[in-house]
Amino acid sequence: MEDKMGSECEGPEMSLVCLTDFQEHAREHLSKSTRDFIEGGADDSVTRDENIAAFKRIRLRPRYLRDVSEVDTRTTIQGEEISAPICIAPTGFHCLVWPDGEMSTARAAQAAGICYITSTFASCSLEDIVIAAPEGLRWFQLYAHPDLQLNKQLIQRVESLGFKALVITLDAPVCGNRRHDIRNQLRKNLTLTDLQLPKKGNSIPYFQMTPISTSLCWNDLSWFQSITRLPIILKGILTKEDAELAVKHKVQGIIVSNHGGRQLDEVLASIDALTEVVAAVKGKIEVYLDGGVRTGNDVLKALALGARCIFLGRPILWGLAYKGEHGVKEVLNILTNEFHTSMALTGCRSVAEINRNLIQFSRL
């Protein structure tokens, strides 16, 4: 493979068989600034890398002599059935890696029968995303704006468009110190026209146009609850103290997340934070996880530790960069098949049978 995509790829396409294959393909084909934006972490990227490494310190304890001729990966989140506990996390600017951007992502999620959380920083309009995948299960991720009225207008808009939950990101009152983006002057160069927003000729830098509130507090949640009927999910919780507050404030779910290691570096890996959050909520609300999931075993481990489902971030963008909607479908299909295999090989015939007894923490 002298030029990385040699003659064997000019006929039949190279077979990508795991999520890291898609990562390698994206590294070879995306521009440096886009690649850095997707892959970059905060500061030394300790947490970004630890998100993946932490999964590998967990070992599986399989049970055998069980009838696994039928294995069912289906589950529910907020009462809605999904085909597998593998959904799409909110990431922005999908048009950086594929012309149809979030429209392709939404179509892939709809085809897979799973949930797609659309980002505040989507590069396609919410209306176009809904038109692209009208039957898909969609949640909306909100970066709270300092202007409450703008928040209200946006929330009412997503509610009228059929989004089924409001995901409020908590861990970005200020932007993390992302060195690659600073070197590449990304915030200066990333504009709405670069992102090909429909019917927009605006070239105002996106990060300037959409400021994020630095004053959002727990007491503000009651205002959000007063203006929407949507269930509210809090994204970015890593501690039992905040998990207990989430229950106290009567939200409907938590996404255990460290923003892919892009915000505060040297915090716990998501999978390491999951146990204390699950223990703190005592089954009163659903808990989900994002960060570091790369294999079907990772999905199984997250569920064994109490996650209702996992959400994928970077791997979705790698799939999108590969073949748009079809690339995202492939990523989801590979991970779901791996998860199905992991279930069968540990003796689990349904998601309900996945439990803490299936794993132990390694001393490595």
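What the table below lists for this structure:
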| item | result |
| --- | --- |
| Residue check for residue 50: touching a strand residue (DSSP E or B) at 6+ places or on another chain (Cβ under 9 Å), crowded, with 20+ Cβ neighbours inside 10 Å and farther than 30 Å from residue 350 by Cβ | no |
| Which numbered condition residue 81 misses (of (1) surrounded by fewer than 18 Cβ atoms within 10 Å (Cβ to Cβ); (2) part of a loop (DSSP other than H, G, I, E, B)) | (2) |
| Candidate set: the range 112-142, residues that are open to solvent by less than 10 Å² (accessible area, probe 1.4 Å) and of a type in the set (Phe, Trp, Tyr); chosen: the one farthest from residue 163 (Cα to Cα) | 116 |
| Among residues of the range 22-45, those that are touching a residue at least 40 places away in the same chain (Cβ under 8 Å) and open to solvent by 70 Å² or more (accessible area, probe 1.4 Å), counted | 3 |
| Scan of the range 307-343 for residues that are of a type in the set (S, T, N, Q) and touching a Gly at 6+ places or on another chain (Cβ under 9 Å), ordered by number | 336, 337, 341, 342 |
| Filter result (at positive phi and of a type in the set (D, E, K, R)) within the range 213-253 | 250 |
| Matching option when the condition is surrounded by 24 or more Cβ atoms within 10 Å (Cβ to Cβ) and more than 18 Å from residue 74 (Cα to Cα), among 331, 299, 281, 293 | 293 |
| Residues satisfying the stated conditions in the range 123-154, i.e. within 20 Å of the chain's Cα centre (by Cα) and of a type in the set (Val, Ile, Thr) | 129, 130 |
| Residue list for the range 218-265, restricted to those being closer than 13 Å to residue 167 by Cβ, among the polar types (S, T, N, Q) and either open to solvent by 10 Å² or more (accessible area, probe 1.4 Å) or touching a Cys at 6+ places or on another chain (Cβ under 8 Å) (or both) | 228, 252 |
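The values are calculated or read from the model by the stated rules, or taken from the named source; none is laboratory data. Because the structure is a prediction, the values reported are computed rather than measured. Every residue, glycine as well, gets a Cβ built from its backbone with ideal geometry; the counts of neighbours run over all protein chains shown. Calculation scope for accessible area: heavy atoms of the full protein, side chains included, ligands and nucleic acids excluded. Shrake-Rupley method; radii C 1.70, N 1.55, O 1.52, S 1.80 Å.
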